[in-house]
Amino acid sequence: MTRQARTCPGAAYDLGYHVVWCPKYRRLVLDGRVKDRLEELIRARGGEHGREIVALEVMSDHVRLFVKPYPKNSPSYVASRFKGFTSHHVRAGFAHLRSQLPTLWSRSSFVATVGAVSVDTVRRSIELQDDRVPTGGGARA
């Protein structure tokens with residue numbers, strides 16, 4: 001995937017979040033029609049709020065999502081929006097899930113940022129900043 005910055009008023013950004021979440025008790029309930037409906041809901045929710053769904057995989061016991069969100073949305077906010085929306089709609093459409101589980105999703109999720117620059121590169125860039133700034137006559141921020 002090539003790197004492509006997106007813009008919004010006052011910012012240019014290239015953010016990506018890898019989000020993973022599981023059903024309560026890691027039950028094997030995300031298959032068949034439930035899986036299809038869940039994928040449909042996640043893609044629809046992403047499109048509604050300008051979040052680009054880059055990759056999505058629904059396994060029987062977890063969901064893996066690579067999403068490029070708006071920069072004002074924190075990783076935990078993005079995860080909670082997908083989990084809350086899908087839980088409400090999936091449980092409404094599949095009565096057997098309401099009887100099997102007190103809630104569809106576990107309380108936790110995993111979120112990692114995804115980027116084209118490694119931690120070491122960023123650290124080195126910051127540490128070497130003073131070496132690259134010209135000395136003399138100009139204001140420094």
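Derivation of every value follows stated rules applied to the coordinates shown; laboratory data play no part. Not measured: the values here are computed from a predicted model.
Remarks
- Rounded to the nearest Hz, the phi-derived 3J(HN,Hα) couplings of the range 20-27 under the Karplus curve 6.51 cos²θ - 1.76 cosθ + 1.60 (θ = phi - 60°) are 10, 9, 10, x, 3, 6, 6, 5, where x marks glycine and proline.
- Under Karplus coefficients 6.51, -1.76 and 1.60, residue-wise ³J(HN,Hα) of the range 40-53 in Hz, glycine/proline x: 4, 5, 5, 5, 5, 5, x, x, 5, 10, x, 9, 7, 8
- Amide H contacts under 5 Å for Glu52: Lys68, restricted to partners 5 or more places along the chain or on a different chain, H placed in the peptide plane at 1.01 Å from N.
- Evaluated at q = 0.10, 0.21 Å⁻¹: base-10 log I(q)/I(0), Debye formula over Cα of the range 6-131: -0.38, -1.19
- Segment Gln4..Asp61, full-extension length gain: 17.3 nm, with 0.36 nm per residue of separation and the alpha-carbon distance subtracted.
- For the chain, lysine pairs separated by 8 or more sequence positions, or belonging to different chains, with Cα-Cα distances below 18 Å total 4.
- Selected from Val122, Val114, Val67 as most flexible by GNM, with the chain as the system and alpha-carbon contacts under 10 Å: Val122
- The range 104-111 - phi-based ³J(HN,Hα) in whole Hz, Karplus 6.51/-1.76/1.60, Gly and Pro as x: 6, 9, 5, 6, 9, 7, 10, 9
- Gaussian network model of the chain, springs between alpha carbon atoms under 10 Å - residue of Arg124, Arg26, Arg45 with greatest fluctuation: Arg124
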